[in-house]
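What follows is one structure encoded as C-alpha cells, with my remarks underneath.
What follows draws every value from the coordinates through simple rules; no lab data is involved. In this text, all values refer to a predicted model and were calculated from it rather than measured experimentally. Here the Cβ is made from the backbone with ideal geometry for all residues, glycine too, and neighbour counts use every protein chain on show.
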Amino acid sequence: MKHFSLLFLSSLLTYQLVTAFPSHASLAGLSARELEEIIPSLERRVIKPPPGPLTNTSAILVNDHLHPWKPAGKDDIRGPCPGLNTLASHGWLPRNGIASPSQIITAVQEGFNMGNDLALIVTYVAHLLDGNLVTDLLSIGGKTPKTGPNPPAPAIVGGLDTHGVFEGDTSMTRSDAFFGDNHSFNETLFDQFVDFSNKFGGGFYNLTVAQELRFQRIQQSIATNPQFSFTFPRYFTAFAESVFPLTFFTDGRHESPLQLDMTVARGFFQDSRMPADFFRSNVSWTLEKIGPGVGAVFSAHPIPPGGNVNNTVNTYTPDPNAANFSNLCKLYTDFVNVTVRGLYSDAKGVLLEALNKNLDFLFDAIKGQGSCVQVPPFV
Ligand code: HEM
C-alpha cells in the first residue's frame, strides 16, 4: 500500500511538472529523467537560420505609429535589459516578452541598429543559457504567467532574470542578485547614474561617465556583495553595456560625440520607453564599430576577471583560468566546452539536434572575428 502511494505521488508530481512546464522555460540543467518527461509535452519549432544584416542602416523613426509605447500588461514579462524591455513595450518584440532568437535579432537590428554579428552573439549566448531550445523561445525576464489555477507554475523558469548565467552583478541601474531583486529599475542606483553624469559629463552620460561609473559599480560590488562574481559572460557584458546607452539610446540624427540626456535615460531604464519622435542610431553597431568604446571603458580602470572569495566582501581575487579581453577564442571555447556542455550533459534527440544548430549559429557570428576554431558538435 505504501509502495502504491509513493508511486501515485511520484506520477502526480511528474504530471504537474509536465502540465505546468511553460514553453519558454529553459531546459538547461535538467536531469535525463526530467527531460524525458518534459520534452514530449513541448511543441517543437523548426529552427530557421538567423536574419542577416539590414540593407538600410540609416537613422529612421522607430517610435512610429506602428510601434506605440504601451505599459506592460499584468502577465507581460520584462527583465534586466532596458533595451529588450523597450523593444517589447513598443511592439518591436512580442509585448508579452517571449520571443524567438530570430525575432530578437530582427528587433534589435531594426529598432536600435545593433550590428548583425553583435546581435547574433549576444542573442545566441543568452538563448543557449536561458532559453528553451526545443520550442525556440526565450523570455526577456523570468516571471511565468500562471498556466492555470492549479497547479502553480514551477519556481525555476529560466529567462534572462536567471542569475549567474547571462545576468550578473554590478549593473548600472539594477542591484546584484545577492541583495534580492536583480532585474527591477533601482532608484538609488539611477540617482548615482545621474550624479556621475553631473560630475563627469556636465549633466549628460558620455564615455567619461561610462568609464567612471563602471569602475564605481565594480568597487561597490567588491565592497558590499560577498558573492560578487565577475567572469564570463558578465565580465564582458558589463563593459559592453556601459557603452550601450550611448550607442543605442541617443537619437540617430545627432552628431558625435554621443551623450545621453537624463530624462531620456530614465525613460529607457525605468519606463522601457523611447522619447517621442525617436530615431534609431545612424550607425550599424557591429563588433568592429563598438569595440573601441568598450575598450576605452575597460582601459580606463582595467581589472582581471575574478570575484570575491570565501563569501566575504573585499576579497576580490583574479581567476587566472577565466577568459579575458586578450583571448576571445578561449571565451568561445570555454563557453561551449564548459558552460554549455555542463548545462546540457543529458541532451539527446530533438534537444541535442537543436543544441547543435544553435551552437552553429553562434559560431557563424564568431568566425568572422579571427582564427577561432569551431568546437565539434555534441554527440
Ligand atoms: C541582443 C539581445 C540582447 C540580450 C540577450 C540582452 C540581455 C541583457 C541582459 C541579460 C542584461 C542584464 C545584465 C545584468 O545586469 O546582469 C542586459 C543589460 C543591458 N542591456 Fe541588454 N540585451 C540585448 C540587447 C540590448 C540592446 C539592443 C540594448 C540597447 C538598446 C541593450 C541595453 C542594455 C543595457 C544598457 C544594459 C545594462 C543595464 C544596467 O546596467 O543597468 N541590450 N541586457
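Tell me whether the range 228-245 contains one or more residues that are touching a Gly at 6+ places or on another chain (Cβ under 6 Å), without any contact (Cβ under 8 Å) to a residue 12 or more places away in the chain and hydroxyl-bearing (S, T, Y). No, that holds for no residue. Scanning the range 24-40 for residues that are assigned to a helix (DSSP H, G or I) and surrounded by 13 or more Cβ atoms within 10 Å (Cβ to Cβ) yields E34, L35, E36, E37, I38, I39. Among the residues of the range 62-71, is any under 17 Å from the mean Cα position of the chain (by Cα) and in a loop (DSSP other than H, G, I, E, B)? No, there is no match, as no residue in the range 62-71 is under 17 Å from the mean Cα position of the chain (by Cα) and in a loop (DSSP other than H, G, I, E, B). Within the option set D346, D364, D277, being assigned to a loop (DSSP other than H, G, I, E, B), over 28 Å from R217 (Cβ atoms) and touching a helix residue (DSSP H, G or I) at 6+ places or on another chain (Cβ under 9 Å) holds for one residue only, D346. Looking only at the range 231-263, filter to residues that are in contact with a Pro (Cβ under 6 Å, 6 or more places away or on another chain) and within 12 Å of the ligand (Cβ to nearest atom); which one of those is farthest from N314 (Cα to Cα)? Among those that are in contact with a Pro (Cβ under 6 Å, 6 or more places away or on another chain) and within 12 Å of the ligand (Cβ to nearest atom), it is L260.
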